[in-house]
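**Q** Could you have a look at this structure, given as structure tokens, before my questions?
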Amino acid sequence: MITDEIRHLARAYDVVISGGGPAGMAAAIGARSQGAEKILLIDREREAGGILWQCIHHGFGLHHFGEELTGPEYAQRYLEEVLENDIDVLTDTYVCDISPERQLKLMSGRHGIAVVDAKAVVLAMGARERTRGAIRIPGERPSGVLTAGLAQKFVNMMGYLPGRRVVILGSGDIGLIMARRLTLEGVEVKGVFEIMPHANGLNRNIVQCLHDYDIPLHLSTTVVDIHGRQRVEKVTVAPVDGALKPDLSRAWDIDCDTVLLSIGLIPENELSRKIDLRLDPVTSGPVVNSTMETSMNGVFACGNVVHIHDLVDFVSEESVLAGRNAGAYITGRRPPKDNIRLLPGDNVAYCVPHTLSSEREHIVYMRVRKPIEKCSVRFGEVLEKKLRYVFPAEMVNIKVKPQFLENFHGDALRVDVVQR
Amino acid sequence: MAHDVAIVGGGVVGCAIARELSRFRLRVLLIEKECEVGAGTSKSNSGIIHAGYHAGNGTLKGELEWAGNQKWDTLRAELDFGFERIGELMVAFDADQVAILEKYRDQGLRRAIPGLEVWDGERVRREEPAISAAVVAALHAPTAGVVNPYEVCFSLIDNARANGVDLMVDSRVTGIRRDADGTFAIAVGSRTVGARFIVNCAGLYSDEIARMAGAGDFVVRARKGEEYLLDKRLRGMVKKIVFPCPTPESKGILVIPTYDGTLMVGPTAHFVDDKEDRTTTAAGSDEVFRNVRRVVPGISERDCIAEFAGLRAVAAGEDFIIGPSEVKGFINCAGIQSPGLTAAPAIAELVRDMLQDEGLALEPNPSFVPSVRKRVHFATLSTEEQIRLADEDRRYGRIGCRCEQISEREIVDAIHAGARTLDGIKFRTRAGMGRCQGGFCSWRCMELLSSELDIPMTEITKRGGGSWIVCEREEGDDA
């Protein structure tokens, strides 16, 4: 528990942001734009910027800056804006706890244990990668089985290779990016294996990272055994049937010393659970209203901690909004309450935010469960938007203007994505 | 000069014997083939201190289970490892099984085990609401507990070493002969070490060690158990260890709330021919989750964060083999399967007495210190204590592993205590044991190993041998 006896880091803050990645930085800038004066951005690493620093490939910023940047360039632009805006940045510090009065307990390599008071808090802790245990890959437990993001850290930040002959399980974007990255480093990438009948990464990454380098993508195929007592020596892969059950009679072995896992991300909600925020079982992130406020008053959330985004540009967009609303919150300007709940319907896994106000414009982010071509997104009877295709790997975002909602008088709006 | 006693094998039994013998003026050597103690069966098991009633009368297991159980409170007070008597429930689904519960209760009552009670289904679900409505009764035993078995090994050996015991790791015994003066010459790779007495605690390989000395022709087989660890957010879903009614081969698939608050489910029990087969299998996973859901329906594969398999050392007849052999001065401690962890402190005393009977003089060690310095578990301290420590050393303020909330200083301490690998750090501190399974902290732990031990990153391993983590970037042959 946080007690009063503890000395304060500096003072009370208007807005404190937990997590200094792309979400946290954008939220800080958003909060400043709405008049928050004392803003503190906290990051556990020695430098803010989050995972962007290790994403040295390009493809960032097309939506937001209108040009193609690398991850570090994108981070640098935001960080400069954060510093120009006189936002306090506290690195090497970890937020352990938040009291109901919004006092944050910090563990810091610089300040030891400290607390700060916040009028509003923004959670921007990002996500973590799913691991071997999450999918229970059978076999031995040698070294050389690691997540694609950790491999990226080894290669791009530390200058080491995770191995020399690599099999990639899962076709998430980080795995695709690493397939190309490792190939460029002279590593033999034996193939990408995806249990689903469709890839899980963005199409542009399939083309630019696999096709352009002749790296095979095996759909409906998975790793069923890992061999090697000390280091990975080989894996057994097998095709799966419609129920995702491997057909071992058609299995084959691949010699390799490394298995990279790119099997999805999970919002990092230890802190959210600790403070009992209401979570969405589908996203594993907090339930948020249209101001990105969570179930706890004055606690906002944005970015991958809420739901997994494909593009950092959308993280920034969502997070500026969260920051602006946190800023507005402390000045006492509260927007009209949400009056419409969104109910995910046919082929919709989830919608964020979870509620809307009929008096404002919103962007609703959603993810579909299965691919469909020539389809429509329908918000009940009030709005239909035609799309050429939808794909689980690509988040759908729909602008919802108040004019569509003004004639709607119910309290819940069902969202479906259906074939036209 | 020869050692008085050489202990072959640094599992929990070997470590407990080493520590017990360190009470006396003796030159004791423990020889371990892996790079750390506790790296075999002792690391990969259910971590249960059994209630004392399970093993049958007339067996060594039965004798030592309850005797061992009673020694854990003192051991914990002295050696500072995770241990708590959380109690256990053996559940019954029908009247036949209730009769089995009653049989076990009576066996326990004859041993004067306190607190044994058969609860009806309603009481069971009042205490443990997650247990299936199909359970009609359960035997409650408050004497059962959970322990971090690897921590026990580290604590025992740290204390033994502080009291003068020598430890050789990465040292496989390859031959044993007797010299003319009666001492044993033990070949350890290219070296030879001498000892007047040998205690064989070599676990799965204790049959091979006995044969090297002509001290027994028993056979030890490996019975594999797969275990599955669930996400910590399920903490509190089940509060006591939950057993089904056991079969002769195994105690069944259990739900184990580990000392650290993670639910663990397992283990399976199947013989394997290969004594190094620690694979987990799709069949094992199915078996565990299918069986465990009969008892606790809310448990799901989706919550799994890690899995592992351990191998029980099983001798013919299923009982422990503990005693002097036909070779004078050579004592076997073999076939130590469940409840071997529970019994370990009692086995240590039994072996001590056997050594004395074989002619070893036990003269108290006047400088024996029974306790170890308490390890800091930063996350569990009060905020006031945390402030004090972090002001003393800022590395307490720097988070090392965030899933388990381990500070950098704790990781550095583990390295200074002997951790040389990622697993060494993990089992000493829990860094890397949580839900991200080292995704975030392993590179940090590697940097600390590299700087504290002054070794290049490419020499850091997961658990010694060829289990390297990263290699150099330049193209070329694997080094």
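**Q** Residue under question is B:Thr342, and the condition is that it be crowded, with 16+ Cβ neighbours inside 10 Å, touching a residue at least 60 places away in the same chain (Cβ under 8 Å) and within 19 Å of the chain's Cα centre (by Cα); does it hold?
**A** yes
**Q** Anything in region B:299-320 that is open to solvent by 50 Å² or more (accessible area, probe 1.4 Å), on the phi < 0 side of the Ramachandran plot and either touching a residue at least 40 places away in the same chain (Cβ under 8 Å) or away from chain A (no Cβ under 14 Å) (or both)? List them, or say none.
**A** Residue satisfying the conditions is B:Ala316 alone.
**Q** Collect the residues in region B:188-228 that are touching a Cys at 6+ places or on another chain (Cβ under 7 Å) and either free of Cβ contacts under 8 Å to residues at least 12 places away in the same chain or assigned by TED's automatic domain parsing to the domain that holds B:Glu276 (or both), keeping them in residue-number order.
**A** Within region B:188-228, just B:Tyr228 meets the criteria.
**Q** Something else: For A:Gly149, indicate whether it is under 20 Å from A:Asn200 (Cα atoms), within 9 Å of another protein chain (Cβ to nearest Cβ), in contact with a strand residue (DSSP E or B) (Cβ under 6 Å, 6 or more places away or on another chain) and without any contact (Cβ under 8 Å) to a residue 40 or more places away in the chain.
**A** no
**Q** For region A:16-39, name all the residues that are under 22 Å from the mean Cα position of the chain (by Cα) and in a strand (DSSP E or B).
**A** A:Val16, A:Ile17, A:Ser18
**Q** Which of the residues belonging to region A:93-132 are farther than 30 Å from B:Leu229 by Cβ and within 9 Å of chain B (Cβ to nearest Cβ)?
**A** If the condition is that a residue be farther than 30 Å from B:Leu229 by Cβ and within 9 Å of chain B (Cβ to nearest Cβ), then A:Ser108, A:Arg110, A:His111, A:Gly112, A:Ala114, A:Val115 are the ones that fit.
**Q** Within region B:80-109, restricting attention to residues that are in contact with a helix residue (DSSP H, G or I) (Cβ under 7 Å, 6 or more places away or on another chain) and at pLDDT 95 or above, which residue is nearest to B:Leu341 (Cα to Cα)?
**A** Ranking the qualifying residues of region B:80-109, first place goes to B:Phe83.
**Q** Something else now. Please go through region A:235-276 and give me each residue that is part of a loop (DSSP other than H, G, I, E, B), surrounded by fewer than 13 Cβ atoms within 10 Å (Cβ to Cβ) and within 11 Å of another protein chain (Cβ to nearest Cβ), ordered by number.
**A** A:Lys245
**Q** Name the single residue that is farthest from the chain's Cα centre (by Cα) among those in region B:403-457 being among the basic types (Lys, Arg) and either assigned by TED's automatic domain parsing to the domain that holds B:Asp260 or under 16 Å from B:Phe378 (Cα atoms) (or both).
**A** The residue in question is B:Arg409.
**Q** May I pose another question? So if I check each of A:Gly126, A:Gly66, A:Gly71, A:Gly139, which one is of a type in the set (Gly, Ala, Ser) and modelled with pLDDT under 95?
**A** Every option except A:Gly66 fails the conditions.
**Q** Continuing with this model, one more query. Does region B:234-242 contain at least one residue that is under 25 Å from B:Glu84 (Cα atoms), of a type in the set (D, E, K, R) and free of Cβ contacts under 8 Å to residues at least 60 places away in the same chain?
**A** Yes, region B:234-242 has at least one match.
**Q** If you don't mind, another one. For the subset of region A:288-297 comprising residues that are surrounded by 19 or more Cβ atoms within 10 Å (Cβ to Cβ) and in a loop (DSSP other than H, G, I, E, B), which member is farthest from the chain's Cα centre (by Cα)?
**A** Only one residue fits best here, namely A:Met296.
**Q** Let me ask another. Against the definition (open to solvent by 20 Å² or more (accessible area, probe 1.4 Å) and in the same structural domain as A:His218 (by TED's automatic domain parsing)), how does A:Gly159 come out, yes or no?
**A** For A:Gly159, the condition - open to solvent by 20 Å² or more (accessible area, probe 1.4 Å) and in the same structural domain as A:His218 (by TED's automatic domain parsing) - is met.
**Q** Let me ask something additional. Checking B:Phe368 against (1) surrounded by fewer than 18 Cβ atoms within 10 Å (Cβ to Cβ); (2) without any contact (Cβ under 8 Å) to a residue 60 or more places away in the chain; (3) outside any helix (DSSP H, G or I), which single condition isn't satisfied?
**A** It fails just one condition, (2).
**Q** Say whether the condition of being touching a His at 6+ places or on another chain (Cβ under 7 Å) and within 14 Å of another protein chain (Cβ to nearest Cβ) is met by at least one residue in region A:211-233.
**A** yes
**Q** Further, regarding this structure: Taking into account only those residues within region A:303-350 that are among the polar types (S, T, N, Q) and in contact with a helix residue (DSSP H, G or I) (Cβ under 6 Å, 6 or more places away or on another chain), which is farthest from A:His63 (Cα to Cα)?
**A** Filtering first and then ranking leaves A:Ser319.
**Q** Among the residues of region A:40-66, which ones are out of contact with any Lys or Arg (no Cβ under 6 Å at 6 or more places or on another chain) and part of a helix (DSSP H, G or I)?
**A** The answer is A:Gly50, A:Ile51, A:Leu52, A:Trp53.
**Q** Can we say B:Ser407 is closer than 30 Å to B:Ile48 by Cβ and touching a residue at least 12 places away in the same chain (Cβ under 8 Å)?
**A** yes
**Q** Go through region B:262-302 and report how many residues are out of contact with any strand residue (DSSP E or B) (no Cβ under 6 Å at 6 or more places or on another chain), under 13 Å from A:Arg136 (Cα atoms) and not acidic (Asp, Glu).
**A** Matching residues across region B:262-302 total 7.
**Q** Residues in region B:410-443 that are touching a strand residue (DSSP E or B) at 6+ places or on another chain (Cβ under 8 Å), of a type in the set (D, E, K, R) and at the interface with another protein chain (Cβ under 10 Å from one of its Cβ atoms): how many?
**A** The number of residues fulfilling the criteria is 1.
The values are calculated or read from the model by the stated rules, or taken from the named source; none is laboratory data. Being a predicted model, the structure only gives us computed values, none of them experimental. So basically every Cβ, Gly included, is an ideal-geometry build from the backbone, and we count neighbours across all protein chains shown. Quick note on the areas: whole protein, heavy atoms, side chains included, nothing else; ligands and nucleic acids left out. Shrake-Rupley method; radii C 1.70, N 1.55, O 1.52, S 1.80 Å.
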